[in-house]
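S.K.: To start, I am sharing the structure in question, which I have written as structure tokens.
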Amino acid sequence: MTSGDPVVKLRLTAQYVSSQRGSCRSRDRIGAERQLHSPCTVDGHFDLQGIIRKGDVDIGGIFTINYVESEPDISFRKVPNRMVCTGFSLRDFQFLQTMVFATEEINQSDTLLPNVTLGYRIYDVCYTHFQAIRAALSMMTGVGDNANRCVPHPSVAAIIGGSWSTQSIAVSRLVGTFNVPVISYFSTCACLSDKHDHPTFLRTIPSDLFQSQALVQLVNHFNWTWIGIISEDNDYGQSATSLFKNDVTKLGICVAFTEIIPTVPVAGKISRIVRNILLYKVKVVLIIATEFSVGLIFQEVFYQNITGIQWIASEAWSTSSLFFTEQSYKYFSGTIGFAIRRADITGLKSFLLGIHPSQHRNDPLTVKLWEEIFNCSYERTDNFTRLPCTGLENLNATDNIYLDMTNLRIANNVYKAVYAVAHALHNLMALNGVNTHSVIETLNKVYTTSPYKLLRYLKSVNFTTKTGDKVSFDRNGDPYPTYDLVNWQRGDNGSFFFAHVGEFSPDENFRLDEHIIMWHGSQKEVPISMCSPSCPSGTRRKAQPGRHSCCFDCIPCEDGKISNKSNSLECMKCPLEYWSNPSRDCCVPKELEFISFKETLGSVLLGGALLGMFFTVCVITVFAYHRYSPIVRANNSDLSFCILFSIFLCFLSSVTYLGQPSTLSCMLRHTGFGITFALCMSCILCKTIVVLVAFNVQHPDRKLASFFNPRKQKVLIFLCTTFQIIVCASWNIISPPRPVRKITDDSSSINLECNAGSVVAFSLVLGYIGILVSVCFTLAFCARNLPNHYNEAKFITFSMVIVSAVWISFIPAYLSSPGKYLEAVEMFAILFSSYGLLICIFAPKCYIILLQPDKNKRRHMRAKPGSRH
């Protein structure tokens, strides 16, 4: 620090230092014994611009009237130049004048602080925190009033300010050591609620903690899951962004990017920030920043011509008329954001209209106001570019933000802050009997003997202003949080206005009038912002590797699983007897699966069985018609008819495998086929034995011939068949086949099957048939070369080979076939074996009977193969 700065070298006495180190009680005790000599001297000059009016009790004010500051030379080679601030803010000057107006209004009151005049010390600290520290330090030491010596106690009862969080943090930490309350009207950083670091800080604007809750509810209400955040590089931006991201990620909303606007603007950096909006393909962008930083983003958006973005504004700029212009409407129409509750301050506009440079000749800020509004100049230079100000200009004829009474939000916070200090002083003086006629005694009473009393009374104020606002503070010095939701709209007459479209408060939560919101591009439909489209019902979300959780692919649910809502993370499994419908959004009962007569497979099998029965009937008819022919008589007509009848029954029994299983059909399927096929094999066995014996016995005697007479053959057939009948009867009595429902998790149907019941009985039936087939095959194979022009044993051998092949291949096919195809395999085996018997045994006979009747002679039956006739 150099002598060119308004530096105050504090030379505290040992008694003063020890008093600062003591406890609260010791401070009171030592303060009463403190010597009232000056604790510091002034070294340098003081050059802060401001408005000062002395009163019995003064209130400090810190405002940001100019927002562009020059950069001083800090090379340490010469005294730095005095800081020059430009860029006059009409809105902030309105805030300053609101403080002056509230002070004057209180001074004219007969009930609030009677006989006490409030004064003020208000400084323009530009857009810097170190200027705010200089202003606060001057208020603590009295620099600016006394050019040589400091006052022994703070010269103000409280400070109204600063205008942004970093300023308030710096000021609060400084003046907190003096126990002076700081009431901010525009600092929202949640960090300021920490009473350990900022014990004397209060505010009339809600904390970012509540703004974050409001913004989260807003984003969640409109289902925006893919948003970008642009924040300012200061305590306000960092704190608000952190709170918002922590809350919003809990709801599954993704922040595509978080960009920081640098404290020192860099063109390339700002350009990259705005380009990320297009890069990440976001449609909703939240900006948490003050007006100055937002202006940099606005300029870059104009330059890159980015449209179609739904902007969300933090309360710092949500009602800023500085940006809501004809030029910005194309890019920022429909901007939505939360703002402080507005109010109507009676008499404020008349007071603002009464401001004139002639009445404030020593006030450079009022002069700048006049020059800014009327674009004139009071400074006579050789090369000025603006016309000189005459002083006859009429403020009432202008239309600017300084006189705008329709958007009194932050100004109302200033108004409430001044009244809060006044009520605290009133209660303190009334309850402690302070002599209101002595300024020195009042200040000594407040700051010397009771340094914490004013702060304690300030925290406990509870009153209602003339605007109808209730003012009180919680234990953290924060007010009751309420917000208005505003929407940037354009009226029918072309004017721009902030439409009130909703409200937020912790008690009433979020209320919204969606039908009056105008979105970007003057659209009435809510914009959509998501990384990936919502997954419809019947699908689930699958995260894309390396990307946010909001970026996903929609995967159809697997068979047997459903999702009955959009954006499901997992598909739900259907109950065991239910299956997913084609759209995978609900479970439906599983279909009953069996071989139906109507389906193709069932029709083919039924046709095969009917065709087999038809051929069998045809053969029976041919044999019956030619029963006296040599070929029929030579092949034992009785056994032939018995075989044909049993083959017909085999075809008929296969039909029981079709249709929905029942108890009766299940019993007929296995036992019916087992008995009929055993009958068929018994007849063929008997016929094979007869052929074999007849051709191998050269001189059959009467005893052997009587053993193989037709009656004995029938007895043999009866005995062979009776065993199968006994097994099947026992099977049906002890553990009969029955219909069952076979349900599996991975099948879309319920298989209706016939359970075999007793596996032993089922094995005995098939095993017995296998024995009969093996015996028939062995005997027929032995008789295959017997002499005769027609040797039936050869055809029986072929038929047994076919039957054996069919049933040997049936076993693995039966064990591996799923569902209804298991029944189909069994039916195929029955049909093929029946066709094999019918064709191999009877087709050659029918061929001779029908096509070669000349060979159906006795002489042909006796001729040897290869003999001439």
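S.K.: Pull up all non-local amide H partners of Leu202: gap of 5 or more, or a different chain, and H-to-H distance under 5 Å with H placed in the peptide plane.
M.R.: Val182, Ile183, Ser184
S.K.: So, one more: For Thr117, list long-range residues whose amide hydrogen, built 1.01 Å from N in the peptide plane, is under 5 Å from its own amide hydrogen.
M.R.: Those qualifying (amide H under 5 Å, at least 5 residues apart or on another chain) are Asp56, Val57.
S.K.: Turning to a different aspect of this structure: From the phi angles alone, apply the Karplus equation (6.51, -1.76, 1.60; θ = phi - 60°) to region 491-501 and give each ³J(HN,Hα) in whole Hz, x where the residue is Gly or Pro.
M.R.: x, 5, 8, x, 7, 9, 8, 9, 6, 7, 10
S.K.: Beyond a 23 Å Cα-Cα separation, which of these cross-linked pairs lie in this structure: Lys349/Lys466; Lys245/Lys565; Lys250/Lys283?
M.R.: Correct reply: Lys245/Lys565.
S.K.: Which value, in debye to the nearest 20, gives the size of the charge dipole of region 580-637 about its Cα centre, when Lys and Arg are +1 and Asp and Glu are -1 at the Cβ?
M.R.: In debye, rounded to 20, region 580-637 gives about 380.
S.K.: Between region 348-366 and region 390-414, how many Å separate their Cα centres?
M.R.: Using only Cα atoms to place each centre, the spacing works out to 12 Å.
S.K.: Kindly report, to the nearest 10 Å², the accessible surface of Glu508 as traced by a 1.4 Å probe over protein heavy atoms only.
M.R.: The value for Glu508 is about 110 Å².
S.K.: State, to one decimal in nm, how far the label point of Leu353 lies from the label point of Tyr814, with both points 7 Å from Cα in the Cβ direction.
M.R.: 10.9
S.K.: What net charge do the residues around Ser640 carry, taking every other residue with its C-beta under 15 Å from that of Ser640, with Lys and Arg at +1 and Asp and Glu at -1?
M.R.: Spelling it out: positives minus negatives among the neighbours equals +3.
S.K.: Still on this structure, please answer the following. Once phi is turned into ³J(HN,Hα) by the Karplus curve 6.51 cos²θ - 1.76 cosθ + 1.60 with θ = phi - 60°, what whole-Hz value does each residue of region 176-190 show in order, with x for glycine and proline?
M.R.: x, 5, 9, 6, 8, x, 10, 10, 8, 9, 8, 9, 10, 4, 5
S.K.: Carbon and sulfur together cover what percent of the accessible area of region 549-666 at a 1.4 Å probe radius?
M.R.: 63
S.K.: Let me ask another. What accessible area per residue comes out for region 499-626, rounded to a whole number of Å², with a 1.4 Å probe?
M.R.: On a per-residue basis, region 499-626 sits at 58 Å².
S.K.: What is the dipole size for region 297-411, taken about its Cα centre, with +1 at each Lys and Arg Cβ and -1 at each Asp and Glu Cβ, in debye to the nearest 20?
M.R.: That gives region 297-411 a dipole magnitude of about 240 debye.
S.K.: Would you kindly derive the ³J(HN,Hα) couplings of region 111-126 from the backbone phi angles with the Karplus curve 6.51 cos²θ - 1.76 cosθ + 1.60 (θ = phi - 60°), listing them in order in whole Hz, with x for Gly and Pro?
M.R.: Karplus-based 3J(HN,Hα) across region 111-126 equals 10, 9, 6, x, 6, 10, 9, 8, x, 8, 10, 10, 10, 8, 9, 6 Hz.
S.K.: Given a 1.4 Å probe and heavy atoms of the protein chains only, how would you sort Phe201, Phe130, largest accessible area at the top?
M.R.: The residues order as Phe130, Phe201, largest area first.
S.K.: I would also like to ask the following. If I model a spin label as a point 7 Å beyond the Cα along the Cα-Cβ vector, how far apart are those points for Thr307 and Ile516 in nm?
M.R.: With each label point 7 Å from Cα toward Cβ, the separation is 2.8 nm.
S.K.: Between Glu599 and Val79, what is the label-to-label distance in nm when each label sits 7 Å out along the Cα-to-Cβ direction?
M.R.: Those two pseudo-labels are separated by 10.4 nm.
S.K.: Could you please put Glu792, Glu372 in sequence from largest to smallest accessible area, using a 1.4 Å probe?
M.R.: Result of the area sort, largest leading: Glu372, Glu792.
S.K.: Work out how much length Ser534 to Thr744 would gain on full extension: take 0.36 nm times their residue separation and subtract the Cα-Cα distance, in nm to one decimal.
M.R.: Between Ser534 and Thr744, full extension yields 72.3 nm more.
S.K.: Compute the FRET efficiency between Leu664 and Lys542 as 1/(1 + (r/R0)^6), taking r as their Cβ-Cβ distance and R0 = 56 Å, and round to the nearest 0.05.
M.R.: 0.60
S.K.: Place a point 7 Å from the Cα of Asp404 along the Cα-to-Cβ direction; which residues of region 92-118 have their backbone N under 20 Å from it?
M.R.: So the set is 92-99.
S.K.: Where does the charge balance sit around Ile260 when Lys and Arg score +1, Asp and Glu -1, over other residues with C-beta under 10 Å from its C-beta?
M.R.: Around Ile260, the charge tally is -2.
S.K.: Long-range amide H contacts for Cys389: which residues qualify at under 5 Å (H placed 1.01 Å from N, peptide plane, sequence gap of 5 or more or a different chain)?
M.R.: Ser377, Tyr378
S.K.: How long is the gain from Phe723 to Val266 if the chain were fully straight, where each residue apart is worth 0.36 nm and the alpha carbon distance is subtracted?
M.R.: 154.1 nm
The values are calculated or read from the model by the stated rules, or taken from the named source; none is laboratory data. All of these numbers come straight from a predicted model, not from anything done at the bench. Every residue, glycine among them, receives a Cβ derived from its backbone with ideal geometry; neighbour counts consider all protein chains shown. Calculation scope for accessible area: heavy atoms of the full protein, side chains included, ligands and nucleic acids excluded. Shrake-Rupley method; radii C 1.70, N 1.55, O 1.52, S 1.80 Å.
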